[in-house]
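Visitor: Would you mind keeping the following structure in view while I ask a few things?
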Amino acid sequence: MNILGIETSCDDTAASVINESDVLSNIIASQSIHVQYGGVVPELASRAHHHTISQTVEQALSEAQLGIQDIDLIAATQGPGLMGSLLVGLSFAKGISLANQIPLVGVNHMHAHIFANTIEHNLEFPLIALTVSGGHTQLSKLSGPYTPEIIGQTRDDAAGEAFDKIGKLLGLNYPAGPKIDTLSREGNPYFYKFPMGLIQKGLDFSFSGLKTSVLYYLQNKNNAFITQYLNNICASVSHAITEVLVTKLERAMQAHSIPRAVLAGGVSANSMLRKKAAAMAEKNNFTIYKPSFSYCTDNAAMIAATAKVMLQNKSSISHNQRLKEGFGIQPYSVQPV
Ligand code: KG4
Ligand code: ZN
């Protein structure tokens, strides 16, 4: 069984081929055009996907040493994401599905971040997922292999959005998350105490107060100060964000008596988060799975891997997604999510 995954929900055009046991190719064309605007410009993202999608899919097939006729199932991101960007990938997928009579399944992008962990781990259930990306911050409970149920989420900004917007205030290019991570490694996380929104109770998150607090903190600081203490400021920001994330993850695992969790999404590449999560797991005797860096941020292997999980758990696939014959849904029946 060869599955072709296609992902175009935001600013990465990605295609990947996986089979039962391996990732045969994982191609990601990242769009650099957005750097000059300090964030993703949706119209430009759609146009760049349109420009790149054919060659990205061709490259994924050729690296896997397969032709389109060898593909048994196509999986494309159906949402959530930027509508124009999603349309490019989904329409392309529908086209090759119809032309080659290959079943197509629409995949939920947030589920895919969670199931990116299945590429390298044999997950056990039930488990808790902490999904932290540029657009979302969610805690989910998975009672079984394909039933993510949201138990907490951000009330305002996502964790990745907080990293990116605070980075912009500090003069760092988009996406600032990885840059803040690198600078933090040389800094003191206790240099300045930034607020940790909603840390005391519950499973919801709030990061907009932190962003405002950094804005006020920087108002009376000159450039020389910011340059001199950039590592410390970044480390203090990273500390505030990751402390909240790990505290909430621990609370969710304890409250639901579930000793297993996965980290997922772009922010799960963050070194401070990974370290703190590992320490929390050791303290509680919990198991926390995390994806390799290439499967944290947006990629299409996770889309294909999620289709595989859906295929293995057909009964838990929603009515919209259920195939009329065997598994795959007909190309024209993909529903918006
Ligand atoms: O999952 P992803 O690639 O795309 C979305 O679905 O949003 O996540 C992108 C987000 C960006 O906000 C980026 O700054 C953040 O993940 N990110 C990081 C790191 N690597 C990516 N944030 C903090 N530390 C990192 N190492
Ligand atoms: Zn994502």
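Visitor: Any idea how many residues of segment 257-281 are of a type outside the set (Ser, Thr, Tyr), surrounded by fewer than 20 Cβ atoms within 10 Å (Cβ to Cβ), without any contact (Cβ under 8 Å) to a residue 40 or more places away in the chain and more than 16 Å from ligand 1 (Cβ to nearest atom)?
Guide: Selection size over segment 257-281: 3.
Visitor: On to the next question. Is it true that residue 245 is touching a residue at least 24 places away in the same chain (Cβ under 8 Å) and under 22 Å from the mean Cα position of the chain (by Cα)?
Guide: Here the answer is yes, as residue 245 does meet what is asked.
Visitor: On to the next question. Just a yes or no: is a residue in segment 65-84 farther than 24 Å from residue 51 by Cα, touching a helix residue (DSSP H, G or I) at 6+ places or on another chain (Cβ under 9 Å) and part of a helix (DSSP H, G or I)?
Guide: Looking for residues that are farther than 24 Å from residue 51 by Cα, touching a helix residue (DSSP H, G or I) at 6+ places or on another chain (Cβ under 9 Å) and part of a helix (DSSP H, G or I), one finds at least one in segment 65-84, hence yes.
Residues checked against (1) away from ligand 1 (no atom under 16 Å from the Cβ); (2) modelled with pLDDT under 95; (3) within 15 Å of residue 300 (Cβ to Cβ):
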{"position": "39", "(1), (2), (3)": "no, yes, no"}
{"position": "66", "(1), (2), (3)": "yes, no, yes"}
{"position": "85", "(1), (2), (3)": "no, no, yes"}
{"position": "91", "(1), (2), (3)": "yes, yes, no"}
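Visitor: A further question follows. Can you pull out every residue in segment 271-306 that is touching an Asp or Glu at 6+ places or on another chain (Cβ under 6 Å) and more than 14 Å from ligand 2 (Cβ to nearest atom)?
Guide: 271, 280 - these are the residues of segment 271-306 that are touching an Asp or Glu at 6+ places or on another chain (Cβ under 6 Å) and more than 14 Å from ligand 2 (Cβ to nearest atom).
Visitor: Search segment 151-163 for residues that are at pLDDT 95 or above and pair each with any residue that is basic (Lys, Arg) and away from ligand 1 (no atom under 12 Å from the Cβ) when their beta-carbon atoms are under 7 Å apart and the residues are at least 6 apart or on different chains.
Guide: Taking only residues 6 or more apart or on different chains, the pairs are 151/141; 152/248; 157/211; 162/211.
Visitor: Restrict the check to segment 115-132 and report whether at least one residue is without any contact (Cβ under 8 Å) to a residue 60 or more places away in the chain, within 16 Å of ligand 2 (Cβ to nearest atom) and either polar (S, T, N, Q) or assigned by TED's automatic domain parsing to the domain that holds residue 252 (or both).
Guide: Taking every residue of segment 115-132 in turn, none turns out to be without any contact (Cβ under 8 Å) to a residue 60 or more places away in the chain, within 16 Å of ligand 2 (Cβ to nearest atom) and either polar (S, T, N, Q) or assigned by TED's automatic domain parsing to the domain that holds residue 252 (or both).
Visitor: Looking at (1) more than 14 Å from residue 90 (Cα to Cα); (2) among the aliphatic types (A, V, I, L, M); (3) buried (at least 21 other Cβ atoms within 10 Å of the Cβ), find the lone condition where residue 44 falls short.
Guide: All conditions pass for residue 44, except number (3).
Visitor: While we're on this one: Only helices (runs of 4 or more DSSP H) wholly contained in segment 113-223 count here; list those with 1 or more residues that are over 17 Å from the mean Cα position of the chain (by Cα) and away from ligand 1 (no atom under 13 Å from the Cβ).
Guide: 159-169, 208-219
Visitor: Out of the residues in segment 225-256 that are β-branched (Val, Ile, Thr) and surrounded by fewer than 19 Cβ atoms within 10 Å (Cβ to Cβ), state the one that is nearest to ligand 1 (Cβ to nearest atom).
Guide: Per the stated criteria, the residue is 247.
Visitor: Restricting segment 85-112 to residues that are within 16 Å of ligand 2 (Cβ to nearest atom) and assigned to a strand (DSSP E or B), which is surrounded by the fewest Cβ atoms within 10 Å (Cβ to Cβ)?
Guide: Out of the qualifying residues, it is 108.
The values are calculated or read from the model by the stated rules, or taken from the named source; none is laboratory data. Please read these numbers as outputs of a predicted model, since none were measured by experiment. FYI the Cβ positions are ideal-geometry reconstructions off the backbone, even for glycines, and counts take in every protein chain you see.
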